[in-house]
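K.L.:
Structure in structure tokens, see below.
The values are calculated or read from the model by the stated rules, or taken from the named source; none is laboratory data. As the structure is a computational prediction, the values presented were derived from the model and not from experiment. For neighbour counting, all protein chains shown are included, and Cβ atoms are generated from backbone atoms with ideal geometry for every residue, glycine included.
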Amino acid sequence: MKFVILDVYPQENHRLIKDTAGGYGTGNNFGKNLFSKLLNVYVDNKIGMPAMEIMYISSILKKDHKVHYSRKFDDPEIIDADFIILPSSIIAHETEINTLEKLKDKRIFVTGIFSNILKDKYEKKNTVVIKNESDTFFYNLQKSGKLNTEFLLSIFDDPKLINQFYSPVNLDDFPFPDWKNYSKNYPLRNDFFGLKEKIAIPILATRGCPYSCFNYCTYPLQQGRKVRARSVQNIVEEIKYWQNKIGCNKFVFRDPVFSINRKHTINLCNEIINQKLNIKFMVETHLNNMDDEMIKLLKNAGLELIYVGVESSNHVVLEDMKRFTIEHDKQYEIIKKCEDAGIIVKTMFIIGNPEDTEETINASIQYSKYLPSLYAQFSVFTPYPGTPVYGDFKELINVKELEKFNQYNLVFKHKNLSAEKIEKLKSSAYIKFYLNFKKIFQVLRYFLRSKYV
């Protein structure tokens, strides 16, 4: 059989990635001023990867069948494809629906958590919406021996047949994602102020997130709140596999919260160190999980960059969001220790939170400058369909296109702020953070010590 993975995106002048925001995707639009536009172009050219779930599915299917990955709905490979697999997202929703309309003569499996949330939009006569996690479905289908044309066609006649293929899968049993063929034709990178372009392989150590921010976060929708971990041996085996196959020593851990299982993280770092794998990697984690022992161990294992959520400097705003955090002095202390150890920190802030005012946002911008992190990110609070908080904002939504739900637009009627004001504050945040003497000096110092220079 021949499968075409049709991963369509709208045409935008900023980075779009479906793998982020728990499979809903994000569109990093930093603003409309000149500096923000330059930042849009820079990030779009420096950071790119598809949904990991799709690359797992590609590997599963490639064992016995032909698989072609494309981002063009008019790709000639579609003509003789037996089945299409279309990854869903909120950032490309209208584009995906239009593509389904144009391919009415094809049998299409729709994957991704967002197609489950808006199932009525994706379910058509020629489509079957696969429950999340879609890679589990295809793995169990293959394992059962029913990954053949006759049975797949029967699913379109009776979609309930898919329900028998969702039994839990040990994460170690999945084949490694199909990055080798993907990276031949599309950018696969995650670099920051690097002068030499390098492939960075996305990798998962764990799935699931139990933290309280599930109130507005989509990762628990995608992966559940129970943490599941691959064995240390399996993770190390994958690292060595990519080192041997494509000579890559840079990795992006896509865990919702890396280091959430302390014992597992320590064992993984020790194994990387003991086997002298000589890798560089980045993670997203919670500052509460970082201490002197963990910072030193992660650095010795090759940690180069961490993303940490700060969200806001205002405790009233954070409490309303149900966001657990640590006190300001502790945040500064941990970030300073990471930066001093040679681990770059990117702090992530959210503006336009329900209780935000212009004053609280400006205070958060000032706080971001005070913290010793090299990078900062300012996104916009977005009440996503499917999350608990969405019910509070459903009647306030004033944006028709779901593709605008990209974490960088205000999509509801805020009680204190207009969309225009949020746009100005967002643009101002990036200018104030990056274009100041202290930050310019910090970036220059990084350049001087960087091995990329």
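K.L.:
Determine, yes or no, whether SER313 is crowded, with 21+ Cβ neighbours inside 10 Å, at pLDDT 95 or above and either of a type outside the set (Val, Ile, Thr) or assigned by TED's automatic domain parsing to the domain that holds GLU94 (or both).
P.N.:
Working: crowded, with 21+ Cβ neighbours inside 10 Å: yes; at pLDDT 95 or above: no; either of a type outside the set (Val, Ile, Thr) or assigned by TED's automatic domain parsing to the domain that holds GLU94 (or both): yes.
Considered against the rule, which asks whether it is crowded, with 21+ Cβ neighbours inside 10 Å, at pLDDT 95 or above and either of a type outside the set (Val, Ile, Thr) or assigned by TED's automatic domain parsing to the domain that holds GLU94 (or both), SER313 comes out as no.
K.L.:
Then there's this: Going by the structure shown, is SER154 at pLDDT 95 or above and at negative phi?
P.N.:
Values: at pLDDT 95 or above: yes; at negative phi: yes.
The answer is yes for SER154.
K.L.:
Follow-up question, since we're still on this one. For PHE378, work out the one condition from (1) more than 27 Å from GLN222 (Cβ to Cβ); (2) under 17 Å from the mean Cα position of the chain (by Cα) it doesn't fulfil.
P.N.:
In the conditions (1) more than 27 Å from GLN222 (Cβ to Cβ); (2) under 17 Å from the mean Cα position of the chain (by Cα), PHE378 misses (1) alone.
K.L.:
Do we have ARG107 as basic (Lys, Arg) and within 30 Å of LYS250 (Cβ to Cβ) here? Steps first, please.
P.N.:
Numbers: basic (Lys, Arg): yes; within 30 Å of LYS250 (Cβ to Cβ): no.
Taking the combined requirement at face value, the residue does not satisfy it.
K.L.:
Scanning for something buried (at least 21 other Cβ atoms within 10 Å of the Cβ) and at positive phi, does the stretch 257-270 turn up at least one residue?
P.N.:
Within the stretch 257-270, one or more residues are buried (at least 21 other Cβ atoms within 10 Å of the Cβ) and at positive phi.
K.L.:
Counting residues that are hydrophobic (A, V, I, L, M, F, W, C) and under 19 Å from LEU61 (Cβ atoms), which strands (runs of 3 or more DSSP E) fully inside the stretch 1-40 reach at least 3?
P.N.:
Details: elements: 2-6, 15-17, 26-28.
In the stretch 1-40, the matching strands (runs of 3 or more DSSP E) lie at 2-6.
K.L.:
If you don't mind, there's one more thing I want to ask. Regarding ASN28, is this residue surrounded by fewer than 24 Cβ atoms within 10 Å (Cβ to Cβ) and either over 22 Å from LYS184 (Cα atoms) or of a type in the set (Val, Ile, Thr) (or both)?
P.N.:
Values: surrounded by fewer than 24 Cβ atoms within 10 Å (Cβ to Cβ): yes; either over 22 Å from LYS184 (Cα atoms) or of a type in the set (Val, Ile, Thr) (or both): yes.
Against the criterion (surrounded by fewer than 24 Cβ atoms within 10 Å (Cβ to Cβ) and either over 22 Å from LYS184 (Cα atoms) or of a type in the set (Val, Ile, Thr) (or both)), ASN28 qualifies.
So that you can scan it fast, the table gives a plain yes or no per residue for (1) in the same structural domain as VAL310 (by TED's automatic domain parsing); (2) in contact with a helix residue (DSSP H, G or I) (Cβ under 7 Å, 6 or more places away or on another chain); (3) not in a strand (DSSP E or B):
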{"position": "GLU339", "(1), (2), (3)": "yes, no, yes"}
{"position": "GLY342", "(1), (2), (3)": "yes, yes, yes"}
{"position": "SER364", "(1), (2), (3)": "yes, no, yes"}
{"position": "SER368", "(1), (2), (3)": "yes, yes, yes"}
{"position": "SER379", "(1), (2), (3)": "yes, no, no"}
{"position": "PRO383", "(1), (2), (3)": "yes, yes, yes"}
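K.L.:
Restricting attention to the stretch 413-430, does a residue exist that is more than 24 Å from GLU359 (Cα to Cα) and assigned to a helix (DSSP H, G or I)? Spell out how you get there, then give the answer.
P.N.:
Within the stretch 413-430, the first condition is being more than 24 Å from GLU359 (Cα to Cα), and the residues that meet it are none.
Within the stretch 413-430, none of the residues are more than 24 Å from GLU359 (Cα to Cα) and assigned to a helix (DSSP H, G or I).
K.L.:
Here is a further query. Do you know which of the residues in the stretch 197-230 that are of a type in the set (Ser, Thr, Tyr) and in contact with a Pro (Cβ under 9 Å, 6 or more places away or on another chain) is nearest to GLU311 (Cα to Cα)? Spell out how you get there, then give the answer.
P.N.:
Within the stretch 197-230, the subset of a type in the set (Ser, Thr, Tyr) is 206, 211-212, 216, 218-219.
Restricting the remaining residues to those that are in contact with a Pro (Cβ under 9 Å, 6 or more places away or on another chain) gives 206, 211, 216, 219.
Values: THR206: 23, TYR211: 14, TYR216: 12, TYR219: 16 Å.
The extreme case among them is TYR216.
K.L.:
So, one more: Name the residue that is modelled with the lowest pLDDT, counting only residues in the stretch 323-333 that are assigned to a loop (DSSP other than H, G, I, E, B) and exposed (fewer than 15 other Cβ atoms within 10 Å of the Cβ).
P.N.:
Step one: filter the stretch 323-333 for residues assigned to a loop (DSSP other than H, G, I, E, B), giving 323-327.
Among the residues that remain, those that are also exposed (fewer than 15 other Cβ atoms within 10 Å of the Cβ) are: 324, 326-327.
Numbers: PHE324: 69, ILE326: 74, GLU327: 82.
Out of the qualifying residues, it is PHE324.
K.L.:
Right, something else. Scanning the stretch 55-99 for residues that are more than 18 Å from GLY23 (Cβ to Cβ) and touching a Ser or Thr at 6+ places or on another chain (Cβ under 7 Å), which turns out surrounded by the most Cβ atoms within 10 Å (Cβ to Cβ)?
P.N.:
Ranking the candidates gives VAL67 first.
K.L.:
Is the stretch 52-67 home to any residue that is small (Gly, Ala, Ser), touching a helix residue (DSSP H, G or I) at 6+ places or on another chain (Cβ under 9 Å) and within 30 Å of SER427 (Cα to Cα)?
P.N.:
No - not one qualifying residue is present in the stretch 52-67.
K.L.:
Hey, PRO10 hits all of (1) under 24 Å from CYS217 (Cα atoms); (2) buried (at least 17 other Cβ atoms within 10 Å of the Cβ) but one; which does it fall short on?
P.N.:
The one condition PRO10 does not meet is (2).
K.L.:
OK, next. Give the stretch 323-343 a look and list any residue that's in contact (Cβ under 8 Å) with a residue 40 or more places away in the chain and out of contact with any Ser or Thr (no Cβ under 8 Å at 6 or more places or on another chain), or say none.
P.N.:
LYS330, TYR332, ILE334, LYS337, CYS338, ALA341, GLY342, ILE343
K.L.:
Of the residues in the stretch 214-236, how many are within 21 Å of GLU133 (Cβ to Cβ) and surrounded by fewer than 20 Cβ atoms within 10 Å (Cβ to Cβ)? I'd like the intermediate steps shown before the answer.
P.N.:
Going through the stretch 214-236, the residues within 21 Å of GLU133 (Cβ to Cβ) turn out to be 214, 217-231, 234-235.
Keeping just the survivors that are surrounded by fewer than 20 Cβ atoms within 10 Å (Cβ to Cβ) gives 214, 224-228, 231, 234.
Within the stretch 214-236, residues that are within 21 Å of GLU133 (Cβ to Cβ) and surrounded by fewer than 20 Cβ atoms within 10 Å (Cβ to Cβ) number 8.
K.L.:
Select from the stretch 128-183 the residues that are aliphatic (A, V, I, L, M) and either under 25 Å from the mean Cα position of the chain (by Cα) or closer than 12 Å to LEU61 by Cα (or both) and list them in ascending order.
P.N.:
Our first condition is that a residue be aliphatic (A, V, I, L, M); within the stretch 128-183, this holds for 128-130, 141, 147, 152-153, 155, 161-162, 169, 171.
VAL128, VAL129, ILE130, LEU141, LEU147, VAL169, LEU171, listed by residue number.
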